[in-house]
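So the structure is just underneath, and the comments pick up after that.
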Amino acid sequence: MTKEKTRNIDRELFETAKKYIPGGVNSPVRSFKAVGGSPVFVKRAKGSRLYAENGGCFIDYCLSWGALMMGHAYPRVIKGLERVIKRGTSYGAVTKAETELAKLIVEAVPSIDRVRLTNSGTEAVMGAVRLARGHTKKNAIIKFEGAYHGHADYLLDEAGSGMATLGRSASSGVPEDFTRYTISLPYNDLKKVESMVEKLNGKIAAIIVEPVAANSGVIIPEAEFLRGLRKIADKFNIVLIFDEVITGFRLSYGGAQEFFDVKPDLTCLGKIIGGGLPIGAFGGKKEIMRLLAPEGSVYQAGTLSGNPVAVTSGISTLKELKKVNPYAILEKRKEKLCSGIKSSAEKRGIKLEINSIGSMFSIFFTDRKVKNFSTAKTQDTDLFKEFFHGLLKEGVYFSPSGFEANFLSTFHKDAEINKTLEAVERTFKAM
Ligand SMILES: *Cc1c(COP(=O)(O)O)cnc(C)c1O
C-alpha cells in the first residue's frame, strides 16, 4: 500500500468516527490534536507492537498511557481472562478475587494497609480526596501545576497534558466555586508549598502529588521535594496523597514510594493494576481507610467496582510483575534508548532535554532543564510534531504529545530499542 493510501484510511475512519463521537475520540489526547493529522486506528496489538487498520505496524511507546507494563496481550493475562469471562462478567456481589488483588496491592505498596477498588484512576482520586477531607474536617487541597489527577471538576486546574495541548488552563463547565478549594502550585517548589500552608493555617486537608510528574512530560522530583512534602503534611495535620496511577508498579513493584522511600498517607492507583482493563484503587493507613462507608461516614461506591474481569487481569499482571521483576532490565534498556536519542540529536545540533526514570521518559525540544510545568512549556511543539510524525513513518509510535510520557514494556527488548534508534537517526536526519 502506498503511504498516501494508508493516510487516507485513517482520515476516512476518523471522519466517520467524528460523525458519531465528539471529536471522533473517547478521550481527547487520542485525537492527535497536539501533533496534527489523523490518529492511527488500531486493529490489534501484541507484545511491543500496535497493528493498525492502515496495515502499519508500530513499536508502541505509549502502551495505553503506561497501563501495559507487561506489553500487549500478555499470554498469562489473556489466559486468565478467557477463564474468568466464561463464569460471568459481573456479579454485584463479593468475590475472593477482590481480596486476592487487594492483598497483592497491600503486600506490594509500603503505605497501604487497606485498599478500595474503583473503575478508573479518576474515581480513585475522587475517593482519596473525599476521604482526606472527611478525615481532617478541612476543605482546601494543594495540587501542582501540570499534574493530571483525572477529570473531577475541582482537579481540572492547570491539569497537564490533555489540557496543555488544548491550550486551556481549565475546562469550561466547571463552576468557579468548585475550584475554590483547589490551590495549584509549581512542582518542585517546597518553599511555595510551605508559605501557602502557613498562610492558610489550618485549612488544608490534603496535598496531592504525582511523585514523578508524568502528565506534563516526565518531571523528576528534586531531592527532598517529596520528603519535604511529608514533613509539611506531618507538621500541619495534612493528608499527603501520592497519585501513583502512573508510577505505581511502574517505578518499582512498590511504586514511587518504595523507589524514593517516602510514605504518603493515601495512594491512588490505576493503569497497570488493571493490566489493560478499566480499574483504579485508593488505599492507605487503616485509621484513615476506616472512615470509608460502610465502616465510616465517607461515602464511595461503584456498580462495577472490583468486577471479576478487571480484577482477574490485575491479579495476573501483578503476579507476573512480581515474578519477572523487570525493573532493572527495563531501566537499562531505557538508558540505552535515551542516551542513543541524545547523542543522535547532538550530532545534528538538535537541542533537546530528556527526562527519564525507571522505564519512563519524555523528550522535550528545549535547551532548558525541565523541572516544572512552566519549563516544560518552553519546548518547541512544532519540532515535536515533526519528530513524532517522522517516527510514525518509520514504524515507531510515541505518545502523541510533547507533554506526555513514553513507556517501555517487558517486550521492548534490545531489538526494539535498536530499531527505534535507527528510526530516530533517520528522523533527525530529515528534520
Ligand atoms: C491516568 C491518570 C489518572 C486518571 O486515571 P483514569 O483511569 O484515566 O481515570 C489520574 N492520575 C494520574 C497521575 C494519571 O496518569
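The values are calculated or read from the model by the stated rules, or taken from the named source; none is laboratory data. Owing to the predicted nature of the structure, the values given are computational and were not obtained by experimental measurement. Virtual Cβ from ideal backbone geometry, glycine too; neighbours counted across all protein chains shown.
List of remarks:
- The set of residues in the range 218-250 being hydrophobic (A, V, I, L, M, F, W, C), surrounded by 24 or more Cβ atoms within 10 Å (Cβ to Cβ) and more than 19 Å from residue 143 (Cβ to Cβ) consists of 249 alone.
- Of 83, 44, 87, all but one fail to be modelled with pLDDT of 95 or more, outside any helix (DSSP H, G or I), away from the ligand (no atom under 16 Å from the Cβ) and more than 23 Å from residue 415 (Cβ to Cβ); the exception is 87.
- Whether a residue is among the basic types (Lys, Arg), touching a residue at least 12 places away in the same chain (Cβ under 8 Å) and out of contact with any Cys (no Cβ under 8 Å at 6 or more places or on another chain) was assessed, and residue 271 passes this test.
One line per residue, one yes/no per condition, for (1) touching a Gly at 6+ places or on another chain (Cβ under 6 Å); (2) of a type outside the set (A, V, I, L, M):
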{"residue": "50", "(1), (2)": "no, no"}
{"residue": "56", "(1), (2)": "no, yes"}
{"residue": "60", "(1), (2)": "no, yes"}
{"residue": "70", "(1), (2)": "no, no"}
{"residue": "76", "(1), (2)": "no, yes"}
{"residue": "87", "(1), (2)": "no, yes"}
{"residue": "97", "(1), (2)": "no, no"}
{"residue": "102", "(1), (2)": "no, no"}
{"residue": "108", "(1), (2)": "yes, no"}
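- Filter result for residue 106 (within 22 Å of the chain's Cα centre (by Cα) and within 16 Å of the ligand (Cβ to nearest atom)): no
- Subset tally (residues that are within 16 Å of the ligand (Cβ to nearest atom) and more than 17 Å from the chain's Cα centre (by Cα)) for the range 132-146: 3
- Scanning the range 60-77 for residues that are within 12 Å of the ligand (Cβ to nearest atom) and assigned to a helix (DSSP H, G or I) yields 64, 65, 66.
- Residue in the range 11-25 that is of a type in the set (S, T, N, Q), over 28 Å from residue 245 (Cβ atoms), free of Cβ contacts under 8 Å to residues at least 60 places away in the same chain and in the same structural domain as residue 412 (by TED's automatic domain parsing) present: yes
- Lone unmet requirement of (1) assigned to a loop (DSSP other than H, G, I, E, B); (2) away from the ligand (no atom under 15 Å from the Cβ) for residue 245: (2)
- Of residues in the range 254-285 being surrounded by fewer than 22 Cβ atoms within 10 Å (Cβ to Cβ), under 17 Å from the mean Cα position of the chain (by Cα) and under 30 Å from residue 79 (Cβ atoms), the one farthest from the ligand (Cβ to nearest atom): 254
- Filter result for residue 302 (closer than 22 Å to residue 151 by Cα and either more than 13 Å from the ligand (Cβ to nearest atom) or modelled with pLDDT of 95 or more (or both)): yes
- The range 204-224 - residue that is over 23 Å from residue 402 (Cβ atoms) and modelled with pLDDT of 95 or more and, of those, nearest to the ligand (Cβ to nearest atom): 208
- Here residue 366 clears all of (1) out of contact with any Phe, Trp or Tyr (no Cβ under 8 Å at 6 or more places or on another chain); (2) over 27 Å from residue 51 (Cβ atoms); (3) surrounded by fewer than 17 Cβ atoms within 10 Å (Cβ to Cβ) except the condition numbered (3).
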